[in-house]
Structures are given as structure tokens and as C-alpha cells.
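Report on the following structure.
The values are calculated or read from the model by the stated rules, or taken from the named source; none is laboratory data. Note that this is a predicted model, so its numbers are computed, not measured. With ideal geometry, Cβ positions are generated from the backbone for all residues, glycine too; neighbour counts draw on all protein chains shown.
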Amino acid sequence: MTDSSDRNLSRLLVRLSVFLFLVSATSSAVAQIRPQRKLLLEVSGVERAELQKGLFAYDDYGGAIISSLPGRISVLATEAERSVLLERGYDVTTVAQDTSELTLRKRSLYGESLELPSIYHTYERILEIGDSLMATYPNLIRRRQIGTTTQEGRGIFVFTISANVNSELDRPAIMFNGCHHADEIIGAQISTEIMRTLVAGYGSDEEVTRWLDSYEIVIVPVVNVEGHYVVTHNIDPRWRKNTRDLDGDGILYEYGEGVDINRNYDFNWAHGGSGDSTNSRYRGEHPFSESENRAMRSLASDRRFLLSISYHSQGEVVYYPWSWRGRTAPDDKLLTRIATGLAESIPTMSGDTTYHAEYGAGTVGQSYPWLYGRYGTFDFIVETGRGSHIFPLEYVPQIVESNLKGVRYLLRQAGGPGLALKVRDADTGNPVEAEVWIPTIDSEDVDRRRTRATGSHWRLLQPRRYGVHVSAPGFETAILEVEIADVGWTDAAIELTKTP
Ligand SMILES: [Zn+2]
């Protein structure tokens, strides 16, 4: 080899290595980026599974299929994908064309104006509705703040509904909450309608009147206030998590950032969601790292809800606690009965059947295992509607109406049968905060239930005889034998004696 050919060879090697570097950089980028889809199509007359064959691999949230509503599928596509659909003979309409995928998503989910239909409430609007209800029904509804959001410090509010709502209430408490997930906005809609229906029905609707006289009903219309802002202010209809600025670059609405606050509760947190911060189910750095979750914790530990519903979308299914690696919940029979009844009380969008109930996993940092495992609350995740997270406006009234039937079903369950226990200090007569457990039911999987600061405790039970154990620091543990009646609350009182 001559000198010059050596030089040529080394130049060639340099070029080759630069080329290889470029190839590897490009191919790794290609592996992460989906095909550039510039078309928004509506395809009708075909099932989602059929349409997907060989196309539109479902890549989690932000996938190419935006929604699949009865009779029409909304999908992002490349020209090539569109050709395949036409070749297959499907009915394909090109709705819009744009280089920005976000714009196409907005077009699909918000409509031609690229703005969320005004039937959906912003948080400001929800608070206005609540305030106007408070002005009209000052003795039935009040508002209070339970915390602020993680990133932007916005207020998180709850509305309490009960007869004589401004007095100290010591009644069984039931919660309804919406929008842990920002894009599942129908939950806020349902929660707002629950508020209206309950206060307006007091005095005229016999059942509603009885419920407000007997229970404290707590509504958290929007848990994820800052994420809900992103969706309802037309910024990004895909948003699911809160807006925690994980990389600290000061850009708040950067898709992929944020924490999934329905994976941030501390019950089996490590087993749920994802540890990858870009994942749509990112569980956060540690349990209760997010202030939305801490707000919910302070509310739950204060009220120790008997029953609750957390509204999500979609799927027309009710998830409940739990099938924990094959083990069921200590209250499985009751939970299954109520979850099934709740599901069967809610008609589906097609109207020919109802929602169905399924066990959720116990091993996730979600609200239902947390509320049940820590506080004994029977919490149900209701996945409202089917085929989209944000529904076209023509579906909204029906989904809300159907779910109000579920609300009525749940509130009917709050009448028992069960145990209404009052725990006092034998010496002073003062209420005692005590642990209350039934060894024949409760397992190590759940925390012991506790009375409130008022010494009161309600627990739904199947009618039969139970040995109820009551203990508190500084007192002798007591065992109460109770026969739970077939209907209503069985009242019982126990006085604890101080340890000598
Ligand atoms: Zn959800």
C-alpha cells in the first residue's frame, strides 16, 4: 500500500465512522418516533379490532386511534395507511390534514373550533355552579378547600352536602370524586350534576331528602385541578397526569411530564404504575409525593368514608377491591354484591345492557385499594362511557344521566345493614378514637378500621352475629358481641375502661 492510499483509506474510515454514527443516531431516533401521521380520518362500518389488523399499533396514550365510538373510529394516519384502509373497502373520510399531530387530536376531540364544547365545565365554572347552589341552598351545601395542586398551587375544593350542613356533622359519609385523570373530564360533569340533583331534590324527592337528613355527602368534582385546566383550556386533550415540571425546564404543558395521581397513593404504591417519568402511569418519586394525593388523604382520614365512587373513563366497567394475586378482599361478598348492583344500575351508551363489575388489583397505588385498605371505604372506580376519554357533546347528557342512576344505587346502600358503633371513655364519657376490627373477617391485608374523633364508626355488614374488638392506647381491649339486624343500622355503644 502506498502512502497516498493509506491516507485515502484513513479518510474513508473517518467518513465511514461519521456515516455509521449518523445512521445509528437516526435509527435510534426512528425507533422512538412514530410515523408522521398528518391525516385525521373517520372510518365507519368496521370494528376497531378489524381496523387495527396490521396497522396502528396501540402505543399507549397518544396512540393513533383517538376514539372508537359507535359506528365511527377516529384515527390518525399516514397516506400509506389511508390507502390500505381504502383498499380494504372501508368507508373512509378525511376530516383534516395538518403537520401538527396535536392540532389533529384537538380537531378530533374538541371539534372544528379546536375548543372543548362548552357543555363541558371548566373548573372555574364548576366552582361558580357550586357557589350559586350555596347561595340558593345555604343550609344544604358548603365548600371548603382541602389542599393545593402540586405544580401551580391552585386550590382543590370539596362540596359537602347534607341537611344543616353548617353544624358539626357526625353521620355516615359518602364521597364522589372526578378527574384523577385530567382527560377523563366526564367525571367532573357527573360530580357537578350530583351536586345539583341532591340539593334541588331536598324536600321534594323523598329519597334525596332522607339521604341528606341521614348522611354527609362529599363531592370532589376535580381532584387533578391543574391537569383538568390543560384539557379544558384547549391546551392538550391528551393530558392525564398533573403538571409537575419533572425536568425543571419551566415548561409546564410539555406532554409526558407530570405524575399519575391515581398511582401515587401509598397502598402497594411500589407495585403500581411505572417508575419511568415519561410513562403516562408514572407513580411519582414516592407515595404522596403529590399534594393532590395529600389533600385526598387528609379528607379521607378525617371523614373515613363508608362508600365512594371515583369517576374515570372509559370502558363501562366498575372496578372494586380486589383480586390481590388471587386473594380477595376481607369484605369480598359485600363488595362484590354492591359493585355488581352498582354496575347493573348504570345503562351503557348503546342502551341495550349495563356496565359490568370486575375485580381491580390490590397491588396498585390507586384510590380504591388505598381507600379500602387504609380506611375500610368501599371505593368503586366507575369507568364511564366507552370508546373515548372525551366524548362528543351528543353523548354527554346520556352518560351523566345513566351515572346518576348509579349514584342513587350507591346512596341506597348507605342505609345498612351494618353496625353503627359509638366508643366512649367509661370514666369521663368522652368519645374515644379507637381501632375496631372483626377477627373473623379482617385480615393482615388491611389496616384496622378506626372510629372518628367523635368515637363514631359505621361498617356495612351482612346480617348475623359478630365479635367486634375495640382497642385504644391506655384502655383495656373490649369485645362486643353484636347481632346485626336484617335491615338498617344496628346501634351499639361500648365504654372502654382505662388500663390500671
Ligand atoms: Zn382514569
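Summary of values
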| item | result |
| --- | --- |
| Counted residues, segment 261-277 - those being part of a loop (DSSP other than H, G, I, E, B) and either away from the ligand (no atom under 15 Å from the Cβ) or touching a Phe, Trp or Tyr at 6+ places or on another chain (Cβ under 8 Å) (or both) | 9 |
| Qualifying residue in segment 338-356 (condition: among the small types (G, A, S) and closer than 25 Å to A434 by Cβ) | no |
| Residue within segment 131-145 that is surrounded by 20 or more Cβ atoms within 10 Å (Cβ to Cβ), away from the ligand (no atom under 16 Å from the Cβ) and either modelled with pLDDT under 95 or under 30 Å from L421 (Cβ atoms) (or both) present | yes |
| Some residue of segment 232-252 being in a helix (DSSP H, G or I) and surrounded by fewer than 20 Cβ atoms within 10 Å (Cβ to Cβ) | no |
| The one condition in (1) of a type in the set (A, V, I, L, M); (2) under 30 Å from S291 (Cα atoms); (3) not assigned by TED's automatic domain parsing to the domain that holds I217 that I146 fails to fulfil | (3) |
| Hits in segment 169-199 (condition: away from the ligand (no atom under 16 Å from the Cβ), more than 24 Å from W489 (Cα to Cα) and of a type outside the set (D, E, K, R)) | T192, I194, M195, T197, V199 |
| Residue that is in the same structural domain as Y253 (by TED's automatic domain parsing), of a type in the set (D, E, K, R) and buried (at least 19 other Cβ atoms within 10 Å of the Cβ), where the choices are E128, E152, E184 | E184 |
| Residue that is farthest from the chain's Cα centre (by Cα), among those in segment 29-51 that are modelled with pLDDT under 85 and surrounded by 10 or more Cβ atoms within 10 Å (Cβ to Cβ) | V30 |
| Conditions (1) in contact with a strand residue (DSSP E or B) (Cβ under 7 Å, 6 or more places away or on another chain); (2) farther than 24 Å from A300 by Cα; (3) loosely packed, with under 13 Cβ neighbours inside 10 Å; number of the one not met by E476 | (3) |
| For Y355: the one exception among (1) buried (at least 19 other Cβ atoms within 10 Å of the Cβ); (2) more than 19 Å from L411 (Cα to Cα) | (2) |
| Any pair with Cβ under 8 angstrom, 6 or more apart, that starts in segment 178-203 at a residue that is at positive phi and ends at one that is modelled with pLDDT of 95 or more and away from the ligand (no atom under 16 Å from the Cβ) | G203/T209 |
| Qualifying residue in segment 382-393 (condition: away from the ligand (no atom under 16 Å from the Cβ), assigned by TED's automatic domain parsing to the domain that holds G273 and assigned to a helix (DSSP H, G or I)) | yes |
| Elements of type strands (runs of 3 or more DSSP E) in segment 278-376, at least 2 residues being within 19 Å of the chain's Cα centre (by Cα) and within 16 Å of the ligand (Cβ to nearest atom) | 307-312, 317-320 |
| Segment 407-438, subset assigned by TED's automatic domain parsing to the domain that holds T192 and either among the hydroxyl-bearing types (S, T, Y) or within 16 Å of the chain's Cα centre (by Cα) (or both), residue nearest to I65 (Cα to Cα) | V407 |
| Scope segment 451-489; condition under 15 Å from P172 (Cβ atoms) and under 29 Å from the mean Cα position of the chain (by Cα); matching residues | T451, R452, S456, H457, W458, R459, L460, L461 |
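For every residue, the table says whether it meets (1) of a type outside the set (A, V, I, L, M, F, W, C); (2) within 24 Å of L371 (Cβ to Cβ); (3) within 16 Å of the ligand (Cβ to nearest atom).
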position: G201; (1), (2), (3): yes, no, no
position: E206; (1), (2), (3): yes, no, no
position: E216; (1), (2), (3): yes, yes, no
position: V223; (1), (2), (3): no, yes, yes
position: G227; (1), (2), (3): yes, yes, yes
position: H233; (1), (2), (3): yes, no, no
position: W239; (1), (2), (3): no, no, yes
position: V259; (1), (2), (3): no, yes, yes
